[in-house]
Amino acid sequence: MFAVSLGDDGAELRPLEPWQAEEFFAHIERGREFIGRYVGLPDAARDLASARAFLQSYADKAAADAGRIYGIWLDGTLVGGVLFRTFDPAMGSCEAGCWLEPSAAGRGLVTRAVRVIIDWAVEQRGMHRVEWQVSSANKPSIAVAQRLGMTYEGVLRESYAYRGTRHDMESWSILAPEWRERRALAA
């Protein structure tokens, strides 16, 4: 298994696989309310069996080259993750996403992790467009899109029904040439 360092604070990015379901479920339990404010991940991982099934669905997506999921570990503890919710090599587009438990918030972990997976998607897999869909109320996730240099494309008004409420969803994206230009300027 590989681990990619996310900096000098002990943070690492690693694949998140079905055999890690117990650790994943414990992580979701620690952050259930916080994580579930905007994303349905806690609803998908209600217990150990559903947590394992969720991770298996991403193992199946990876095998079909249709998605990926990675965990963020801080000092050996799983504290969040990033994923490609969709991944379409034929069209050259994908959608990245994230989640984080409250103990790890405010450290830049998601921004650093998403940089790694976008670099991989653009440079290794030839993706042309990386999308970021986020609730208009999720200011920390919007800030990640901004820090990554993504372009705000608009709002899909009340497009996401979640826990009995319709949410406005913002669409952000970055194109491969824009990503490469930002990375070159940062080097």
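The values are calculated or read from the model by the stated rules, or taken from the named source; none is laboratory data. For clarity, every value in this text was computed on a predicted model and none was experimentally measured. Cβ coordinates were reconstructed from backbone atoms using ideal geometry, including for glycine residues, and neighbour counts include every protein chain displayed. Each accessible area value is taken on the protein alone, full model and side chains, heavy atoms only, with ligands, DNA and RNA left out. Shrake-Rupley method; radii C 1.70, N 1.55, O 1.52, S 1.80 Å.
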Pick out the one residue from 90, 96, 105, 137 that is of a type in the set (A, V, I, L, M), more than 14 Å from residue 5 (Cα to Cα) and without any contact (Cβ under 8 Å) to a residue 24 or more places away in the chain. 90
Where residues in the stretch 95-123 are charged (D, E, K, R) and under 15 Å from residue 31 (Cβ atoms), which of them is most open to solvent (accessible area, probe 1.4 Å)? 107
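Which residue, of 47, 75, is more than 23 Å from residue 145 (Cα to Cα), free of Cβ contacts under 8 Å to residues at least 40 places away in the same chain and of a type in the set (Asp, Glu)?
Answer to the selection: 47.
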Could you tell me whether the stretch 43-66 includes any residue that is open to solvent by 10 Å² or more (accessible area, probe 1.4 Å), of a type in the set (Lys, Arg) and in contact with a Lys or Arg (Cβ under 9 Å, 6 or more places away or on another chain)? yes
Enumerate the pairs (first residue in the stretch 18-29 and in contact (Cβ under 8 Å) with a residue 60 or more places away in the chain; second residue anywhere and among the β-branched types (Val, Ile, Thr) and outside any helix (DSSP H, G or I)) with beta-carbon separation below 9 Å, excluding pairs fewer than 6 apart on the same chain, so at least 6 apart or on different chains. 27/77; 27/79
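Taking residue 33 as the residue in question, decide whether it is over 24 Å from residue 138 (Cα atoms), of a type outside the set (Lys, Arg) and open to solvent by 40 Å² or more (accessible area, probe 1.4 Å).
Details: over 24 Å from residue 138 (Cα atoms): no; of a type outside the set (Lys, Arg): yes; open to solvent by 40 Å² or more (accessible area, probe 1.4 Å): yes.
Considered against the rule, which asks whether it is over 24 Å from residue 138 (Cα atoms), of a type outside the set (Lys, Arg) and open to solvent by 40 Å² or more (accessible area, probe 1.4 Å), residue 33 comes out as no.
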